[in-house]
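Data first, discussion second: the structure below is written as structure tokens.
The values are calculated or read from the model by the stated rules, or taken from the named source; none is laboratory data. Since the model is a prediction, treat every value here as computed from it, not as a measurement. We place every Cβ from the backbone using ideal geometry, glycine too, and count neighbours over all the protein chains shown. Heavy atoms of the whole protein, side chains included, go into the accessibility calculation; ligands, DNA and RNA do not. Shrake-Rupley method; radii C 1.70, N 1.55, O 1.52, S 1.80 Å.
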Amino acid sequence: MVREILRMKEEQRAVILAHYYQDAIIQDIADVRGDSFELSRRARETDADVIVFAGVHFMAETAKILNPDKTVLLPDMNAGCSLAESAPAHLFRRFRELHPDHLAVTYINCTAEVKALSDIICTSSSAERILRHIPKEIPVLFSPDKNLGRYVRQRTGRPMLLWEGVCTVHEQFSEQRIASLRDEYPDAEVIAHPECEEAVLRHAHFVGSTSALLQYVQDSAAQRFIVATEAGILHQMKLHAPGKEFIPAPPDNQCACNVCDYMKVNTLEKLYLCLRDRRPEITVSDALRERALLPIERMLALATADEAEAVRIIAGIRLPWRAT
Ligand code: 13P
Ligand code: SF4
């Protein structure tokens with residue numbers, strides 16, 4: 001199956017982008033592995049004809065918004081996300097209508113419809129940098145992840161109104177069991193994704209996106225880490241920091257809830273079938289795409305912008321907000 005996937009990939013001029021939460025075998029055969037930000041950036045830059053997105057729906061949809069002329073495939077259309085589901089577009093629109101003077105910074109884990117109703121998209125690796133560019137006197141709505149929002153609010157000291165969404169994987173970690181692991185392994189460092197609850201982040205020596213966590217385990221002098229994020233990243237950590245030990249942070253129950261079931265509906269077989277049949281294919285209407293593109297492009301620009309460029313981008317956002 002792997003041989004066939006690689007052959008079809010060449011034949012169709014396809015590129016496989018895989019999020020770090022995919023199964024190890026899918027990460028291994030992908031052309032690009034990364035966190036949400038890196039994958040969006042690479043999706044924008046690719047010159048392939050076909051993008052196979054081994055990730056969840058909102059990621060593949062973002063790739064399509066950035067590449068209207070390319071075929072974008074997602075191995076399983078059921079690859080959803082609890083955060084995206086927590087913010088239906090009609091309720092998000094209402095949230096904006098109630099706070100028209102607020103600028104809406106929205107985590108990329110949302111539907112194209114919600115992106116289209118937002119001013120700036122962000123990812124876990126770009127949220128803090130983007131929010132630091134926004135003048136403090138401009139009030140901000142942050143959606144849909146309340147944990148990431150609260151974390152960035154603490155880091156930047158700026159007040160923000162938060163949508164009440166959570167990632168059902170990252171909210172499962174048990175503070176008590178992490179504390180017991182720290183007692184058992186006093187030399188271990190706790191590293192955590194900002195989608196985790198505050199009680200878990202309080203134990204963390206380092207907080208960051210999946211890419212940042214992967215970089216941290218390579219740079220740190222520590223030899224042992226308690227990892228509070230989805231277990232798929234452990235594959236890359238073992239490859240990039242061989243000899244170091246990684247202990248998955250345990251969830252609040254006996255099951256393996258630090259696995260994202262949405263991410264794991266993609267399998268090698270479905271990847272093979274989607275290249276063979278060129279479906280399921282992501283489609284986005286032109287009207288929706290046009291409205292969703294601008295806030296994504298603002299994210300990509302603000303992540304590397306200098307101060308003058310950031311001022312120019314933010315000045316271009318029209319407030320008070322009005323539904324179009
Ligand atoms: P990052 O890819 O930004 O680390 O986010 C993790 C995640 O939960 C993606 O759905
Ligand atoms: Fe969504 Fe959480 Fe799964 Fe990421 S890990 S796709 S945020 S449910």
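Any chance you could run the full-extension gain for Glu128 through Gln254? It's 0.36 nm times the residue separation minus the Cα-Cα distance, nm to one decimal. Let's see the in-between values first.
On the way: separation 126, 0.36 × 126 = 45.36 nm, distance 3.39 nm.
Stretched fully, the Glu128-Gln254 segment lengthens by 42.0 nm.
On the accessible surface of segment 3-146, probed at 1.4 Å, how many percent belong to carbon and sulfur atoms?
46
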* **Difference of contour (0.36 nm per residue) and Cα-Cα distance, Glu297 to Ala212** => 28.4 nm
* What FRET efficiency do you get for Val311 and Glu85 if R0 is 35 Å and r is their Cβ-Cβ distance, rounded to the nearest 0.05? -> 0.50
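In debye to the nearest 20, how big a dipole does the chain give about its Cα centre with +1 on each Lys and Arg Cβ and -1 on each Asp and Glu Cβ? Working shown, then result.
Values: 39 positive and 46 negative charges, 127 e Å.
With Lys and Arg at +1 and Asp and Glu at -1, about 600 debye.
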* Asked: For a paramagnetic label modelled at 7 Å from the Cα of Leu98 toward its Cβ, which residues of segment 142-168 fall within the zone defined by backbone nitrogen distances under 18 Å?
  -> 142-147, 149-150, 160-166
* Let me know the charge dipole size of segment 183-242 about its Cα centre in debye, to the nearest 20, where only the beta-carbon of Lys, Arg (+1) and Asp, Glu (-1) is charged. => 220
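Taking 25 Å as R0, compute the FRET efficiency from the Cβ-Cβ separation of Ala323 and Arg44 and round it to 0.05. Before the final figure, lay out each step's value.
On the way: r = 28 Å, r/R0 = 1.10.
So, using R0 = 25 Å, E works out to roughly 0.35.
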* To do: In nm, give the distance between the simple-model label positions of Ile138 and Glu11, each being 7 Å from the Cα along the Cα-to-Cβ direction.
  => 4.9
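Computed FRET efficiency, Cβ-Cβ of Asp219 and Asp28, R0 22 Å: what is it to the nearest 0.05?
0.40
Keeping all protein chains in place, calculate the accessible area per residue for segment 224-324 (probe 1.4 angstrom), answer in Å².
Numbers: 5300 Å² over 101 residues.
Heavy-atom SASA per residue in segment 224-324 reads 52 Å².
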* Residue-averaged 222 nm ellipticity for the chain, from DSSP H runs of 4+ at -39500 (n - 2.57), nearest 500 -> -12000 deg cm²/dmol
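Relative contact order (percent) for segment 1-153, with alpha-carbon contacts under 8 angstrom and 6 or more residues of separation?
On the way: 230 pairs, mean separation 26.6, N = 153.
Averaging sequence separation for qualifying contacts and normalising by length gives 17 percent for segment 1-153.
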